[in-house]
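The values are calculated or read from the model by the stated rules, or taken from the named source; none is laboratory data. Being a predicted model, the structure only gives us computed values, none of them experimental. Virtual Cβ from ideal backbone geometry, glycine too; neighbours counted across all protein chains shown. Areas reflect the complete protein model, heavy atoms only, side chains present, ligands, DNA and RNA absent. Shrake-Rupley method; radii C 1.70, N 1.55, O 1.52, S 1.80 Å.
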Amino acid sequence: MSGIVVEPTAGTRVVTTIAELRGLLAGRRAAGASIALVPTMGALHDGHFALVRRARELADVVVVSIFVNPLQFGPAEDLDRYPRTLDADVDALATLGVELVFAPSAAEMYPDGPSSTRVVAGAVGGLYEGASRPGHFDGMLTVVAKLFNIVAPEFAVFGQKDAQQVFLVRRMVRDLDLPLAIEVVPTVREHDGLALSSRNRFLGDAERTTALALSEALGAAAESADEGPAEALAEAAAAFGDHDGAELDYFVIVDPETLLPVAGDATGPALALVAARIGATRLIDNRVIELG
């Protein structure tokens, strides 16, 4: 946080227009406040709240954006089904001391329809999640770039659960010389290891148990990683096979610096990425492992 003591405004304010948000932030910035942004699509849970708590440690003013971005959903994806719980989200953010919630409409963010100018995620954006969801990361980076320009934060906070997103956002900030720091918060999990996700609410009781396949496969890979990538992948596949109803999309072990698959003789830190469909719900997870 800045060395200047900045008094917060009372309560949590919901802002729906870019002009109003910029005006409010200009006033707070003029008073010496530092600003952190937590971009979300709403349907908030404890994972998001961990991001907010970290943002409050970093800056005087926390802006949480809640916007279900249509650019990052394909025609066969769950844009209409994606949960929208704005009132409950705002109530929860108020208890955490969030000063500003930016909840624009699609028309506010894209007044002329889907923007013609896009940030392109490049080759890595077409892998893994990008292969399963073509165009997803172009849409994600475009809206994140817009939010960075609108809010002009010193810090933006993301969750490690979306590891490929984090990699691409960090690269965009570096490539475009954007003047902010990206802070990443570890994945928040349920007591049994399931990574928190807004989509978990779609899981029935039996599907909730089946969804543990993701974290268990990651654990199996971590335990066997000292025997090399091939053994780690084999153990992950075996763990996944113990769960009927889990349809594996991908399980890969990548270099954290490039997000490309590791070589067969790789050693040292690596990142295991997994995605699977549990019934109608698609989930992702990841874990850092140490290859021997």
Just to be sure before I move on: is residue 20 touching a residue at least 40 places away in the same chain (Cβ under 8 Å), surrounded by fewer than 18 Cβ atoms within 10 Å (Cβ to Cβ) and farther than 26 Å from residue 187 by Cβ in the structure I sent?
no
Could you tell me whether any residue of the range 193-209 is among the aromatic types (Phe, Trp, Tyr), open to solvent by 40 Å² or more (accessible area, probe 1.4 Å), under 17 Å from residue 51 (Cα atoms) and within 21 Å of the chain's Cα centre (by Cα)?
no
Tell me whether the range 105-112 contains one or more residues that are without any contact (Cβ under 8 Å) to a residue 12 or more places away in the chain and at positive phi.
no
When restricted to 153, 134, the only residue in a loop (DSSP other than H, G, I, E, B) and either open to solvent by 30 Å² or more (accessible area, probe 1.4 Å) or polar (S, T, N, Q) (or both) is 134
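Before we move on, is residue 207 charged (D, E, K, R), in contact (Cβ under 8 Å) with a residue 60 or more places away in the chain and part of a helix (DSSP H, G or I)? Please lay out each step first, then the result.
On the way: charged (D, E, K, R): yes; in contact (Cβ under 8 Å) with a residue 60 or more places away in the chain: yes; part of a helix (DSSP H, G or I): yes.
Here the answer is yes, as residue 207 does meet what is asked.
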Of all residues in the range 163-188, which are within 23 Å of residue 200 (Cβ to Cβ), in a loop (DSSP other than H, G, I, E, B) and open to solvent by less than 50 Å² (accessible area, probe 1.4 Å)?
187, 188
I need a count of the residues in the range 124-182 that are among the β-branched types (Val, Ile, Thr) and touching a Gly at 6+ places or on another chain (Cβ under 9 Å).
2
Would you please name the residue that is surrounded by the fewest Cβ atoms within 10 Å (Cβ to Cβ), looking only at residues in the range 241-287 that are in a strand (DSSP E or B) and of a type in the set (S, T, N, Q)?
281
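Among the candidates 130, 74, 97, 113, single out the residue that is in contact with a Pro (Cβ under 9 Å, 6 or more places away or on another chain) and more than 18 Å from residue 37 (Cα to Cα).
74
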Checking the condition farther than 28 Å from residue 85 by Cβ, under 17 Å from the mean Cα position of the chain (by Cα) and small (Gly, Ala, Ser), which residue from 181, 222, 238, 145 passes?
181
Checking residue 220 against (1) in a helix (DSSP H, G or I); (2) at pLDDT 95 or above; (3) surrounded by fewer than 17 Cβ atoms within 10 Å (Cβ to Cβ), which single condition isn't satisfied?
(3)
